[in-house]
1. Return the pair list, or none, for Cβ contacts closer than 7 Å from residues in the range 47-68 that are within 10 Å of L15 (Cα to Cα) to residues that are in a helix (DSSP H, G or I) and β-branched (V, I, T), at least 6 apart or on different chains.
2. If you scan the range 22-33, which residues turn out to be surrounded by 17 or more Cβ atoms within 10 Å (Cβ to Cβ) and not hydrophobic (A, V, I, L, M, F, W, C)?
3. Enumerate the pairs (first residue in the range 7-23 and of a type in the set (A, V, I, L, M); second residue anywhere and at pLDDT below 85) with beta-carbon separation below 9 Å, excluding pairs fewer than 6 apart on the same chain, so at least 6 apart or on different chains.
Amino acid sequence: MSNEQPNNPLHGVKLTEVLMRLHQHYGWDGLAERININCFKSDPSIKSSLKFLRKTEWAREKLETLYVATFDINSVGSGTR
């Protein structure tokens, strides 16, 4: 069961961590520019954004894609030997 998603770069990374790290990197305005959803535009907060993202698969997928692209997750650990 631990090998369910061996090729998923976000396996084991919580949605809260993804959102908080992107928020620290881009801020709410930067997130709203990159992902056009109201929870980043209108009175944004971590709590309200998480609530929306947990219910809305397409928005969560966009956030995860941005996270992988922003922090180059696919190359983590490569070339460190």
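The values are calculated or read from the model by the stated rules, or taken from the named source; none is laboratory data. The model shown is predicted, which means the values in this text are computed figures rather than measured ones. Cβ placement follows ideal geometry from the backbone for every residue including glycine, while neighbour counts extend to all protein chains displayed.
1. Close Cβ pairs satisfying both conditions: L50/T16; L63/V18; E64/V18.
2. Correct list: H23, Y26.
3. Qualifying pairs under 9 Å: L10/I73; V13/I73; V18/L10.
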